[in-house]
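Asker: Supplied in structure tokens, the structure appears directly below.
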Amino acid sequence: PGIIYAGPRAGVERLAETLKATGRSVLPYHAGLPAETRAEHQARFVASEDMVMVATIAFGMGIDKPDVRFVIHAGLPKSIEAYYQETGRAGRDGDPATAIMLWGAEDFVRARQRLGEVEPERQAGERTRLDAMAALVETAGCRRALLRRHFGEDAPQHCGNCDNCLAPPKVVDVTELAQKLLSGVYRTGQMFGLGYVTSVLTGVVDEKVAMRGHDSLSVFGIVKAEEAPMLRPLVRALQARGSLEAT
């Protein structure tokens, strides 16, 4: 049995239907369902040994089910505190359990856009929480150590159990490439997508580039062909950090 947190109600319904089609026992849970339906779905989940509950974050508080084997976030949690609490609903019986977070750069784009809707006095705190989430998903180090340090605990450098400890990612310094990318975005007017900016940075002269005179910019051709594949993941990293924003 496991829980998948899938954001808003519509996302919960779509994902539940998709997973049902695989033959797995799946139920949705969100505030839009009648109270008696929510109670029934919760009771069936607690009694089940293989059910997947696709839910909004409203699900899970006070659920007495120690054998939840996995918690998946199909999207960015609201904060590290929320993530820690929600993943803690798995493995309460002491047996191994898995936590998976699936995210994309657009999650951070939407979250940063929503900051403008928050009361001014709360914006700094919300921005700090979002930056902490960005640090968690982008770290190349031990995620558990980062989590524990976030809560003021002392932690060893490696837990030996998170994805980064089990399969350490290759790390490269892309500071110079990031500077080139941001310069390319700025000098082309901050109004083009990655594909166009990549063409300019890698020195591709097509009709659009030539028409705008961007083949004469100082950033034209400053990125080598072998560096180009790094631009897309670099955009994700810069968006997560708030250094680059999509409009």
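The values are calculated or read from the model by the stated rules, or taken from the named source; none is laboratory data. Quick caveat: nothing in here was measured; it's all calculated off a predicted structure. Neighbour counts run over all protein chains shown; Cβ positions are idealised from the backbone, glycine included. Keep in mind that these areas ignore ligands, DNA and RNA; they rest on the heavy atoms of the full protein, side chains included. Shrake-Rupley method; radii C 1.70, N 1.55, O 1.52, S 1.80 Å.
Asker: Can you name every residue in the stretch 31-73 that is open to solvent by 60 Å² or more (accessible area, probe 1.4 Å), more than 30 Å from Met133 (Cα to Cα) and in a loop (DSSP other than H, G, I, E, B)?
Answerer: Correct list: Pro34, Glu49, Asp50.
Asker: Can I ask one more? Given the conditions (1) in contact with a helix residue (DSSP H, G or I) (Cβ under 7 Å, 6 or more places away or on another chain); (2) assigned to a helix (DSSP H, G or I); (3) more than 26 Å from Leu194 (Cβ to Cβ); (4) at pLDDT 90 or above, which single one is not true for Pro156?
Answerer: (2)
Asker: On to the next question. Taking only pairs six or more apart or across chains, which ones have beta-carbon atoms under 6 Å, a first residue in the stretch 190-213 that is part of a helix (DSSP H, G or I), and a second residue that is open to solvent by less than 70 Å² (accessible area, probe 1.4 Å) and among the acidic types (Asp, Glu)?
Answerer: Val209/Asp215
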